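One structure follows; several queries about it will come next.
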Amino acid sequence: MIEPTLNYVLCPGPGAAAVPAGQDPVAARPVTGPQHRMAYWEWNATGNPAHPHVIVCVHGLSRQGRDFDVLARELSRHARVVCPDVVGRGQSEWLADPMGYQIPQYGADMVALLAQLHQQAPIATLDWVGTSMGGLIGMGITGQPDLPLPAPVRRLVLNDVGPVIQWQALQRIGQYLGFLAKFESLQQAADAMWAISTSFGPHTPAQWLELSRAMVRPLPEGGVTLHYDPAIAVPFRTVTQETAAAGEAFLWQLYDQIRARTLLLRGAQSDLLSHETAQAMAARGPRAQLVEFAGVGHAPTLVAPDQVAAVRDFLLAGEGAPAA
């Protein structure tokens, strides 16, 4: 079975050494340099290491790039598939300044990533798949036509996210974001994550265990904890209902400037992307094609066959991809 390679790109902005367990993760953040390293996982089963079609898949707020393993294996027969660990998550470094954990920094990191990928092998066709936060980053990348991208984004998949984010969903996420517990085993951690992730929809125990595997890191004293910097919660906690509402106009402006053909996925029971917002996204801007998944909330994990098929068929239409 094909496996990804782990790679790194240097991005602007000082990184910080990960803080040992037991220390305040925000108060003591030694700076390691003027740049930080962002990790990314590259999948390629095309037989051509310089394949000109690149698909970038970007994860949600507290997740990491291995979330896309099932989808990436499928897509990698047709393209280079690149799944970054957004800074502060997974194998990427943490930031020296917690307030850097916001969309502008993430967008700058993605521009650096695309420049490195293009230098390695010229990108002729560029597509983007973004789940939740990864979709917001994608809107920023795709909705600013003056960004120095190696190629314009051709097709964009927004997975359960749009310009309007429901306040109750932000409140729900705030109840657990940044509170890193110690677990005795991967299974115990997976069980705890499932307790706050049932909105992802039905998964077999084996599927959920695989989704959880890259979400933890070992602790020196034994056991595991979640594999992200708890300080990603610092800027998140500064968001108020008023500031969230004020940002909607800017996000709609970005959305309306998108020229990429767009697919909008929505969990039919999503508490983050309302049905009304999804309908508005289908009627304006790039006029997204809307696909909803019954029995799923926020956010579809792109593991189930029907979810994988929806993304695959959209991105690879006309390229000889198998039909759903």
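The values are calculated or read from the model by the stated rules, or taken from the named source; none is laboratory data. Predicted model, so just to flag it, every value in this text is computed and none were measured. Glycine also receives a Cβ, built like all others from the backbone with ideal geometry; neighbour counts cover every protein chain displayed. In case anyone asks, the SASA skips ligands and DNA or RNA and just uses the protein heavy atoms, side chains included. Shrake-Rupley method; radii C 1.70, N 1.55, O 1.52, S 1.80 Å.
Highest GNM mean-square fluctuation, the chain, Cα pairs closer than 10 Å: which of L61, L147, L265?
Among L61, L147, L265, the largest mean-square fluctuation in the Gaussian network model of the chain belongs to L147.
Using every Cα-Cα pair within the range 144-209, state what percent have a distance larger than 18 Å.
61 percent
What number comes out for accessible area per residue over the range 90-211 if the probe is 1.4 Å? Units Å², please.
Averaged over the residues of the range 90-211, the accessible area is 41 Å².
In cubic angstrom, how much convex hull volume per residue do the alpha carbon atoms of the range 215-274 span?
That works out to 169 Å³ per residue.
Rounded to two decimals, what is the ratio between the C-alpha radius of gyration of the range 10-169 and 2.2 N^0.38 Å?
Normalised Rg, Cα atoms only: 1.05.
Under the Karplus relation 6.51 cos²θ - 1.76 cosθ + 1.60, θ = phi - 60°, what is the ordered set of whole-Hz ³J(HN,Hα) values for the range 213-222, x standing for Gly and Pro?
Going residue by residue, I get 4, 7, 8, 10, 9, x, 9, x, 8, x Hz, with x marking Gly and Pro.
Also, quick follow-up: Which order do the peptides 113-119, 268-274 come out in when sorted by mean C-beta neighbours inside 10 angstrom, highest first?
In decreasing order of mean packing, 113-119, 268-274 become 268-274, 113-119.
So, taking all protein chains as they sit and a 1.4 Å probe, how much accessible area belongs to E242, in Å² rounded to tens?
Its heavy atoms expose roughly 130 Å² to the probe.
What is the sum of charges around Y106, taking Lys and Arg as +1, Asp and Glu as -1, for the other residues whose C-beta is under 12 Å from the C-beta of Y106? Before the final figure, lay out each step's value.
Working: positive: R89; negative: D85, D109.
Cβ neighbours under 12 Å give a net charge of -1.
Here's another thing I want to ask about it. May I have the extent of the alpha carbons of the range 123-173 along their three principal axes, as whole Å values ordered from largest to smallest?
Taking max minus min along each principal axis of the Cα atoms, the range 123-173 gives 40, 18, 13 Å.
What is the range 216-324 by shape, rounded, prolate or oblate, if you read a ≥ b ≥ c off the alpha carbon gyration tensor as root eigenvalues and call it rounded for a/c under 1.5, prolate for a/b larger than b/c, and oblate otherwise?
It comes out oblate by the Cα gyration axes.
Where q = 0.15, 0.17 Å⁻¹, what log10 of I(q)/I(0) comes from the Debye formula for the range 54-118, counting one point per Cα?
Results for the range 54-118 at q = 0.15, 0.17 Å⁻¹ read -0.49, -0.62.
For the range 146-253, build the convex hull from the C-alpha positions and give me its volume per residue in Å³.
For the range 146-253, the hull spanned by Cα atoms encloses 172 Å³ per residue.
Starting with the highest mean, order 120-133, 303-316 by the number of other Cβ atoms within 10 Å, averaged over the residues of each peptide.
Working: 120-133: 21.0, 303-316: 18.5.
Per-residue mean Cβ counts within 10 Å order the peptides as 120-133, 303-316.
Moving to a separate point now. Based on the alpha carbons, how large is the Rg to Rh ratio for the chain when Rh follows Kirkwood?
With Rh from the inverse mean 1/r over Cα pairs, Rg/Rh is 0.93.
Using a 1.4 angstrom probe on heavy atoms only, work out the carbon and sulfur share of the accessible area of the range 75-183 in %.
54 percent
In addition: Enumerate by residue number the chymotrypsin sites (Phe, Trp or Tyr not before Pro) in the range 178-231 meeting two conditions: DSSP loop (anything except H, G, I, E, B), and at most 14 other Cβ atoms within 10 Å of the site's Cβ.
When the chymotrypsin sites (Phe, Trp or Tyr not before Pro) of the range 178-231 are filtered for loop state and at most 14 Cβ neighbours within 10 Å, F179 remain.
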